[in-house]
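Quick notes on the structure that follows.
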Amino acid sequence: MRTPRTTHRIGRFAGLLAVASLLLAACTVDIEVERGDTIPTLRAGERYTLDVTPYQRSLRSGATARIPIDLNSADAEGIFVVATAGDLRLRNPVSGTITASSSTGFYFARGERGIEGASVVSDLAPRAIDASVRTSCLGPCVILRDSDRSDVIRSRTAEVLIENPFEDRLEVEIYVFAQALDDRSEPQNDTRSGADVLSGTLWGALETIGDVDTFELADDGNVTVHAPIRVDGGPESNYLSLEVEVLDAEGSRIPAGQVGGENPVVLRPDQSHTFTDLFDGEFVRVKEASGHRAAAAEYSGFRVVLQETVGLSDRAR
């Protein structure tokens, strides 16, 4: 595996003075990944904490490291940017727009919505997850999907910004790599035409911002959706809430009174809901409730269960 190289901006004396002035004024360190270097790709059985060489940085209080990365070499559906600490932002280098941000391994969010206050972050470190599991976000992280049409993906480049919001110096490792998403149905199941066929129990995860998971019933029955489970008993705010709705075969929302009284329904972490009297060929659609958040599969995973029934109501198909 090739280790990304860095280039240091060393030039004439005037150039050094300009860089020094920038550092003093903005507390920003520029580290450029040489264009053409590959983003490491993890194979089956590999783990990023063991098999990807991190970028190691030491940041004084208030400082930000800027790391340009080239996405052209990413050859897996998921593009992962993971830090061990700090405030992580992913920025479009052309427009300057912050695409996504995170202060915790539990979730990331659109724009600046993923940044938490330093006093809060100390309670947002993921717990009860094996630190060697390859898909765990051990700290702040952002996951992109190569099929997304975001500004960052279109430009094929991005800037990783990692800021130290704490009073003490921060030692941080940053991992950038490509690997398959845990939800292997992506991106096909975003639409009804690519929906997963539900005949028993299926699992889904909302690993990228704006992700939608769609399931098509293979039989008549009741469908129960189980929201993400709080694996460590932490506050609900650490986990995603879901918005779930059922659609008829043509893609129209079924009236709530015909499917148990609610449609759509919002599920907070640890909650579940059962839609009743659904027919084969109808759909269950799941997305993140706020429209701004996503999370690694450990924290965004949910279950959809079809229980076949007989003697359904005689509502019109």
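Descriptive notes on the structure:
- Inclusion of V121 among residues that are of a type outside the set (S, T, N, Q), within 17 Å of I39 (Cβ to Cβ) and either modelled with pLDDT of 95 or more or buried (at least 18 other Cβ atoms within 10 Å of the Cβ) (or both) is not warranted.
- Note on the range 275-311: among residues that are surrounded by fewer than 15 Cβ atoms within 10 Å (Cβ to Cβ) and more than 28 Å from S103 (Cα to Cα), the one that is modelled with the lowest pLDDT is G311.
- In this entry, T208 is excluded by the filter for residues that are hydroxyl-bearing (S, T, Y), modelled with pLDDT of 90 or more and more than 18 Å from the chain's Cα centre (by Cα).
- Any hit, the range 109-116, residues being part of a strand (DSSP E or B), under 16 Å from R293 (Cα atoms) and at pLDDT 90 or above: yes
- The range 29-41: number of residues that are surrounded by fewer than 21 Cβ atoms within 10 Å (Cβ to Cβ) and either among the polar types (S, T, N, Q) or at pLDDT 85 or above (or both): 2
- Flag for R89 being part of a strand (DSSP E or B), among the basic types (K, R) and modelled with pLDDT of 90 or more: yes
- One residue stands out among those in the range 48-63 that are among the aliphatic types (A, V, I, L, M) and open to solvent by less than 20 Å² (accessible area, probe 1.4 Å): the one that is nearest to L138 (Cα to Cα), which is V52.
- Residues within the range 37-63 that are farther than 10 Å from Y175 by Cα and either touching a Pro at 6+ places or on another chain (Cβ under 7 Å) or in a strand (DSSP E or B) (or both), tallied: 5
- Boolean, R66 is over 19 Å from I209 (Cα atoms), at pLDDT 90 or above, open to solvent by 30 Å² or more (accessible area, probe 1.4 Å) and part of a strand (DSSP E or B): yes
- Only a single criterion out of (1) within 19 Å of the chain's Cα centre (by Cα); (2) open to solvent by 50 Å² or more (accessible area, probe 1.4 Å); (3) not polar (S, T, N, Q) is not satisfied by Y239, namely (2).
The values are calculated or read from the model by the stated rules, or taken from the named source; none is laboratory data. Here the structure is a predicted model, which means the values were calculated and not measured. Cβ: placed from backbone, ideal geometry, glycine included. Neighbour counts: every protein chain shown. Only protein heavy atoms, including side chains, enter the accessible area calculation; ligands, DNA and RNA are left aside. Shrake-Rupley method; radii C 1.70, N 1.55, O 1.52, S 1.80 Å.
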